[in-house]
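K.L.:
Sharing a structure, written as structure tokens. Questions coming.
The values are calculated or read from the model by the stated rules, or taken from the named source; none is laboratory data. Keep in mind it's a predicted model, so treat the numbers as computed, not measured. Cβ placement follows ideal geometry from the backbone for every residue including glycine, while neighbour counts extend to all protein chains displayed. We work out accessible area using only protein heavy atoms, side chains counted, and drop any ligands, DNA or RNA first. Shrake-Rupley method; radii C 1.70, N 1.55, O 1.52, S 1.80 Å.
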Amino acid sequence: MREIVLINITGEDRPGLTAAITGVLAQGGVNILDIGQAVIHDTLSFGILVEMPDNQTSPSVLKDVLFTAYKLDQQVRFTPVAEADYQHWVSAQGKPRYIVTLLTRKVTAEQLHRVSSITERYGLNIDHIDRLSGRMPLDMPEQQGKGCIEFSVRGEPEDAAALRMEFLGVAQELNVDIAFQRDSLFRRNRRLAVFDMDSTLIQAEVIDELAKAAGVGEQVAAITERAMHGELDFRASFKERLALLEGLPESVLEEVGASLRLTEGAETLFAELKRLGYKTAILSGGFSYFARQLQHKLGIDYVYANELQIVDGKLTGVAVEPIVDAQRKADLLQQLAEKEGLRLEQTIAVGDGANDLPMLGQAGLGVAFRAKPLVKQSAKQAISTLGLDGILYLLGFRDREGQD
């Protein structure tokens, strides 16, 4: 009869411990069935599931492990595992896996409790918990903090839609973001990221800024707000707003462009995506004049946005076809994926308005960024707490893996 033992070792982390313990096991001809190690604040938690060669050598091997650990100032616990329990554990390895990602300015026990309680209630078992964000100083102002905890869970929720709604409700209550996505090969192999521009890459709706200069700011802003909430057709509202800009001097474009500010985390995100080999694109219902400025600043590969018609140095208020509306954004995402030889599962789309929903739904990872309520509820994932670089956490990116 096989003898299976779980060996747990805890204590102060030190170099050479793994080599010493596995060296003892190697001398005893032990087979390793599973192994895992974690270090938190220089404290080690090390587990090895082993199959002993025979009952006669088992006591001697375990005694040597205990003696070696004692010399290294470690505590050891041995737990026998029944063969039936081991076989049951093996049979569970084919179950689906998901990733739950908590994004917050400051990680609290309440946040972890609420997330883990929901996963348990829906029959999901937590296998691993990792901190993806960097170490945070105690005196870090909360608004500047950046925390991310990733849970790897196993199982299949009976009602994934209800699970997502619970996560969304808790996220709103605690002012955090909670992402839930299937752990698949594509999650780690995405290669194209496309972005809306206004209120996503930049902290403004450009058409509203132009309207202020034209003296029709309140009228245009009201139409923009309703369109972004999905209350108006984007194409019709776009033409209506643009018509109000007729006669605006071309020189105003430069003034407005100089005043635009990048969204938090944009430069970090694009630097890392470029380093990782991603292709990037702006797919915007805004204007190409400003999109090209961002392209130069962030090193973006493709730009698709609306052209402003200018005659005698003034805006005509007429839209130049084709207008980049919701359907065109989705079509462009498909075309760019085909051009780059990618599947849609390998794409990321990020936007904040109702006209972004088709492309968000089509992408492998669709992220509603600081979005309107309708968009937040409809998108696969949402980020409102952190900056754009929070998207990297959804890819499993760790802060320590970033550029110096």
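K.L.:
Among the residues of the range 373-403, which ones are assigned to a loop (DSSP other than H, G, I, E, B) and open to solvent by 10 Å² or more (accessible area, probe 1.4 Å)?
P.N.:
Residues satisfying the conditions are Ala379, Lys380, Ser384, Thr385, Leu395, Gly396, Phe397, Arg398, Gly402, Gln403.
K.L.:
I need every pair where a residue in the range 64-83 that is in a strand (DSSP E or B) has its Cβ under 8 Å from the Cβ of a residue that is charged (D, E, K, R) and open to solvent by less than 60 Å² (accessible area, probe 1.4 Å), sequence separation at least 6 or different chains.
P.N.:
From the range 64-83, the pairs are Pro80/Glu3.
K.L.:
Now, a different point. Restricting the range 71-98 to residues that are surrounded by 12 or more Cβ atoms within 10 Å (Cβ to Cβ) and hydroxyl-bearing (Ser, Thr, Tyr), which is nearest to Val24 (Cα to Cα)?
P.N.:
Ranking the qualifying residues of the range 71-98, first place goes to Tyr86.
K.L.:
While we're looking at this one, here's another question. Check Arg77, Arg105 and return the single one that is assigned by the TED database to the domain that holds Ala26 and modelled with pLDDT of 95 or more.
P.N.:
Result of the check over Arg77, Arg105: Arg77.
K.L.:
Could you check Thr224 against (1) touching a residue at least 60 places away in the same chain (Cβ under 8 Å); (2) more than 19 Å from the chain's Cα centre (by Cα); (3) crowded, with 21+ Cβ neighbours inside 10 Å and say which number it fails?
P.N.:
(1)
K.L.:
Oh, and also: Scan the range 6-56 for residues that are assigned to a strand (DSSP E or B) and more than 20 Å from Pro80 (Cα to Cα) and jot them down.
P.N.:
Gly11, Glu12, Ala38, Val39, Ile40, Thr43, Leu44
K.L.:
Here's something else I'd like to know. When the range 278-320 is examined, which residues are found to be in contact (Cβ under 8 Å) with a residue 24 or more places away in the chain and either open to solvent by 50 Å² or more (accessible area, probe 1.4 Å) or assigned to a helix (DSSP H, G or I) (or both)?
P.N.:
If the condition is that a residue be in contact (Cβ under 8 Å) with a residue 24 or more places away in the chain and either open to solvent by 50 Å² or more (accessible area, probe 1.4 Å) or assigned to a helix (DSSP H, G or I) (or both), then Lys279, Tyr289, Phe290, Ala291, Gln293, Leu294, Lys297, Leu298, Tyr304, Ile310, Lys314, Val318 are the ones that fit.
K.L.:
Only one residue in Gly230, Gly215 is open to solvent by 40 Å² or more (accessible area, probe 1.4 Å), of a type in the set (Gly, Ala, Ser) and closer than 19 Å to Lys329 by Cα, so which one is that?
P.N.:
Gly230
K.L.:
Restricted to the range 165-194, and to residues that are farther than 19 Å from Gly390 by Cα and open to solvent by 40 Å² or more (accessible area, probe 1.4 Å), which residue is modelled with the lowest pLDDT?
P.N.:
So the residue we want is Leu185.
K.L.:
If Gln346 passes every condition in (1) open to solvent by less than 40 Å² (accessible area, probe 1.4 Å); (2) within 29 Å of Ser237 (Cα to Cα); (3) in contact with a helix residue (DSSP H, G or I) (Cβ under 7 Å, 6 or more places away or on another chain); (4) not charged (D, E, K, R) but one, which one does it miss?
P.N.:
Looking at each condition in turn, Gln346 falls short on (2).
K.L.:
Of (1) surrounded by 13 or more Cβ atoms within 10 Å (Cβ to Cβ); (2) assigned to a helix (DSSP H, G or I); (3) in contact (Cβ under 8 Å) with a residue 40 or more places away in the chain, Thr101 satisfies all except one. Which?
P.N.:
Unmet for Thr101, out of (1) surrounded by 13 or more Cβ atoms within 10 Å (Cβ to Cβ); (2) assigned to a helix (DSSP H, G or I); (3) in contact (Cβ under 8 Å) with a residue 40 or more places away in the chain: (2).
K.L.:
One residue is enough: does the range 15-22 have a residue meeting the conditions closer than 22 Å to Ile126 by Cβ, within 37 Å of the chain's Cα centre (by Cα) and in contact (Cβ under 8 Å) with a residue 12 or more places away in the chain?
P.N.:
no
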